Amino acid sequence: MNLNDFSSIIKNEKKDESQKEQAFYKFYDYYSELVKSVLKKKTFTERQLSVDIFRKKFTEKQSEAVFKKQLFASLKTLERIKKGIETGVVNRFNIGKTNGSINDFSDFLFIFSFDVYELVKYAEFKYNNKTLNYSMGSSIGSSTRDVFENGSIILFIKHFGTDSIHYRDFFSYSVFTIRLMIEVAGKKILGFNSITDENGDRIRKIKTQIAWEFIKNDQINFKRIQLPIEVDTILKIEKWTNQFIHTGYIQPIYLIENALLFLDKLTFPKSTKISNYNTLKLEFEQFLKEKVKEEQEIIINWENKNNMESKIISE
């Protein structure tokens, strides 16, 4: 079943659940075979994917690698949705039922079908010598009203109900949580709540992701911080979030799903381990002073060690 036919069925209210499920499995087979025709038996690690799939710009030479990795990543997303339909579990979370339903994922799959259109079009043309006889396009940006409405719905979700949500705009708000999660994780790993001046105000010259800048530096020079995920993967995703945060550009749904999956490892308790913690704290303070480069008091509000999300191996 091709992409266009699938998108027409999955959101059609006149189709019952069994018809939609049958369409999904036919589409899944089609998409799997399409990816196989392009990649053969080639697979990619998480690190290999993160290098390219979150790029905002790339050269013509890089374009083929970006295409293949995004195609692979989109298939992995589809595989996980298939598992969600069959088990009710998505990315470690139970959706509240013993088994999932195709209707639980119809919005997701409808958007997915539009977001992979360009991948499918290119794959069919270059690798199967086929030109698609249909076209599909979707909105790539949020209007001021869209943003305002979604903010109101989030705040009063119990009043409006989920049927009020415009899913095309709403799902992309996951990018905000990804960005926030990265910032919170950096602080929790190093063990501080905030960095302020003597008046309790944020110091302008210190970026919100300063923790990750320091962690990256440690990875290069000392390796006292053992992360459950490559630091470069985290930094790639953090940079990728900027486009939606600052412009409202709606990212492909499969990239958001992959980003959440990659970062999942950071959520396991004490999954990050730190050696020589006291020395590391002193060096972090010096690191901040060098960033400010002026006579200004820098106050680091350190966490109680019991509240840290990293495990201190040695002090």
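Electrostatic bookkeeping for residue 222 treats Lys and Arg as +1 and Asp and Glu as -1; over the other residues with beta carbon under 13 Å from its beta carbon, the sum is +1. When nucleic acids and ligands are ignored and a 1.4 Å probe is applied, residue 202 ends up with an accessible area of around 140 Å². Take the alpha-carbon centre of segment 151-209, take the same for segment 8-53, and report the distance between them in whole Å. Computed from Cα coordinates, the inter-centre distance equals 31 Å. A dipole drawn for segment 1-144 from +1 and -1 charges on Cβ atoms has a positive end, and of 141, 58, 117 the residue lying farthest that way is 58. Principal-axis analysis of the Cα atoms of the chain puts helix 174-190 at an angle of about 30° to the longest axis. On the chain, 51 percent of the accessible area sits on carbon and sulfur atoms, based on a 1.4 Å probe. Straight-distance candidates among the aspartates and glutamates for linking to residue 158, with alpha-carbon spacing under 17 Å and chain neighbours fewer than 8 residues away dropped: 149.
Between the Cα long axis of helix 144-155 and the first principal axis of the chain there is an angle of about 80°, rounded to the nearest 10.
Around residue 142, under 14 Å between beta carbons, what's the net of Lys plus Arg minus Asp minus Glu among the other residues? After counting each charged neighbour, the total is -1.
Full extension of the segment from residue 32 to residue 315, taken as 0.36 nm per residue of separation minus the current Cα-Cα distance, would add 96.9 nm. Relative to the longest principal axis of the Cα atoms of the chain, the long axis of helix 210-221 makes an angle of roughly 80 degrees. Heavy-atom accessible surface of the chain, averaged per residue, reaches 55 Å², computed with a 1.4 Å probe.
How much length is gained on full extension from residue 25 to residue 299, taking 0.36 nm per residue of separation minus their Cα-Cα distance? Intermediate values should be presented prior to the final figure.
Values: separation 274, 0.36 × 274 = 98.64 nm, distance 5.67 nm.
Here the segment from residue 25 to residue 299 would lengthen by 93.0 nm.
Could you name the lysines in cross-link range of residue 289, using Cα to Cα under 27 Å and dropping any fewer than eight places away on the same chain? Reachable lysines: 187, 188, 205, 207, 216, 223, 236, 239, 273, 281, 305, 311.
In the chain, the DSSP beta bridges split such that about 75 percent are antiparallel, to the nearest 5.
Normalised by the residues of segment 143-296, what does the relative contact order come to in percent, with Cα pairs under 8 Å and at least six apart? Worked out over segment 143-296, it gives 28 percent. Highest mobility in the GNM of the chain, judged by mean-square fluctuation with C-alpha springs under 10 Å and restricted to 233, 247, 144, is found for 144. Over the chain, Cα pairs under 8 Å with separation of 6+ residues give a relative contact order of 21 percent.
The values are calculated or read from the model by the stated rules, or taken from the named source; none is laboratory data. Computed from a predicted model, the values in this text were never measured in an experiment. Note that each Cβ is placed from the backbone with ideal geometry, even for glycine, and that neighbours are counted across all protein chains shown. When the accessible area is computed, the model is the full protein with side chains, heavy atoms only, and any ligands, DNA or RNA have been set aside. Shrake-Rupley method; radii C 1.70, N 1.55, O 1.52, S 1.80 Å.
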